[in-house]
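Notes to accompany the following structure.
No lab work stands behind these numbers, since they all come straight from the coordinates. Keep in mind that what you see is a predicted model, and the values were worked out from it rather than measured. Neighbour counts run over all protein chains shown; Cβ positions are idealised from the backbone, glycine included.
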Amino acid sequence: MSLNVHKFAAIKGRQSGDDYYTVVCEMAIIPRLFLFNEATIPTELRAQRHINKSRIPEIAKYIIDNPKNYIFSALTASIDGQVKFNPLKIDGKDSEIGELEISGDAKLMINDGQHRRAAIEKALTENPDLAKDTIAVVFFKDKGLKKSQQMFSDLNRHAIRPATSIARLYDHRDPVAEVIRRVVYETEVFKGVVEMERSTITERSSKLFPFSGIYSASKNLISLEKNKKIEQQVNLVSSFWDEVGKHMDQWRGVRIGNMSASEVRRDYINTHVIILQALGLAGKDLINQFPNNWKSKLKNLKKINWLKNNSDWLQRVIINGRVVKNNNSIILASNIIKKAIGVKLDTKEKALESKVKNGK
């Protein structure tokens, strides 16, 4: 063991026949522990992917913006060098709690968490007070490149990003999400018909809209009231969607049990997220252009034929028999809504209309 030794209070565990050690490190020493950079080594000779540098500022900002309530999961690392565990005796017997000694010349390689490590380093430069915060590190004894590459593969194999709907629903840092949660819970038009967890709706579901779709559609409306209180934002967005709902017979039919949600989703376009977004986009301009009588204008939504087989939707949101969602299709769908409710089109919207009419 080198004279220069890293010592940590540790808990020893065992998986698949190998010991591992869980320690708690102060943030300040994380950049110093994991110094080496594999960026110049070919992929097949590395045990990690290259760092995606664009992710680091975002993760660092998360720590800096939330110094009192951020949360980081443990780093996982391999020790290539001498290691010794000195167990604490309990009732005269060696326990799984003790002190881990790692030789100062050992190489410590992160198997999972390299972006967190880089973000910690960046965050410390902007907020040195974070230095005394701690993060858990799980150390395994290094067994060579093949084992380290397998560890990386195994640790990331089952990592699945949560659906956008549940991620938005549970995000209490986002004021927009707070508004949409209130709107969905309190607004008549959405009662019982919103899928709160998944971003897609299964064929037999009794729901009409995913939470993430209402979120993305309503952001346009909330930006109108960005300097006002949450309560005022909730009132505006709730009023808008309730008024829209009064003129959507299919939505009401599902809520009162006269139509099945699967039938409406199959035959009509107005439950698709793209139409929700188009309604939000049109609603923003509607309220801007008619601040005192915008509600009365929405009655003209009844004039729109929402059936998918309506040729008005072709080459706008339905191409080759499939609903296409992109910025242009949202605008083109919004144009139909705007024309029906008497909202003027801007220059970009008119240009897209011309392209559709000319068959481009």
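Taking other C-beta atoms within 10 Å as the exposure proxy, Lys297, Lys53 rank Lys53, Lys297 from fewest upward. Put in line by how crowded their Cβ is, counting other Cβ atoms within 10 Å and starting with the fewest, Phe190, Phe72 read Phe72, Phe190.
For region 71-80, 3J(HN,Hα) computed residue by residue from phi via the Karplus equation (6.51, -1.76, 1.60; θ = phi - 60°) reads 8, 10, 7, 5, 7, 10, 9, 10, 10, 9 Hz, glycine and proline entered as x. Against the main long axis of the alpha-carbon atoms of the chain, helix 327-341 sits at an angle near 30°.
Ordering Lys357, Lys338, Lys143 from the fewest to the most neighbouring beta carbons within 10 Å gives Lys357, Lys143, Lys338.
Each Lys or Arg adds one and each Asp or Glu subtracts one; over the other residues with Cβ under 13 Å from the Cβ of Leu124, this totals 0. Using Cα springs under 10 Å in a Gaussian network model of the chain, which residue among Ile63, Ile337, Ile166 shows the largest mean-square fluctuation? Looking only at Ile63, Ile337, Ile166, the largest GNM fluctuation is found for Ile63. Only aspartates and glutamates eight or more places from Lys89 in sequence, or on another chain, were considered; those with a Cα closer than 16 Å are Glu99. Under 15 Å of direct C-alpha separation, and excluding same-chain neighbours fewer than eight residues apart, Lys344 reaches these aspartates and glutamates: Asp285, Glu353. Phi angles of region 263-273 translate, via the Karplus equation with coefficients 6.51, -1.76, 1.60 and θ = phi - 60°, into HN-Hα couplings of 5, 5, 5, 5, 9, 10, 8, 7, 9, 6, 4 Hz per residue; Gly and Pro are given as x.
Whose amide H sits under 5 Å from the amide H of Val5, counting only residues 5 or more places off or on another chain, with H placed in the peptide plane? Residues meeting the criterion, in which the H sits 1.01 Å from N, are Gly104.
Based on Cα contacts under 8 Å between residues 6+ apart, the chain shows a relative contact order of 14 percent.
Taking Cα atoms only, the orientation of helix 145-157 departs from the longest principal axis of the chain by about 30 degrees. Amide hydrogen proximity for Asn111: with H placed 1.01 Å from N in the peptide plane, the residues at 5 or more positions away or on another chain lying under 5 Å are Thr76, Ala77, Ser78. Using a cut-off of 19 Å between Cα atoms, the listed pairs Lys303/Lys339; Lys61/Lys229; Lys295/Lys350; Lys295/Lys338; Lys246/Lys295; Lys246/Lys325 include Lys61/Lys229; Lys295/Lys350; Lys246/Lys325 as exceeding that distance. Taking a ≥ b ≥ c as the square roots of the eigenvalues of the Cα gyration tensor, region 210-360 is classed as oblate, since a/c reaches at least 1.5 and a/b does not exceed b/c.
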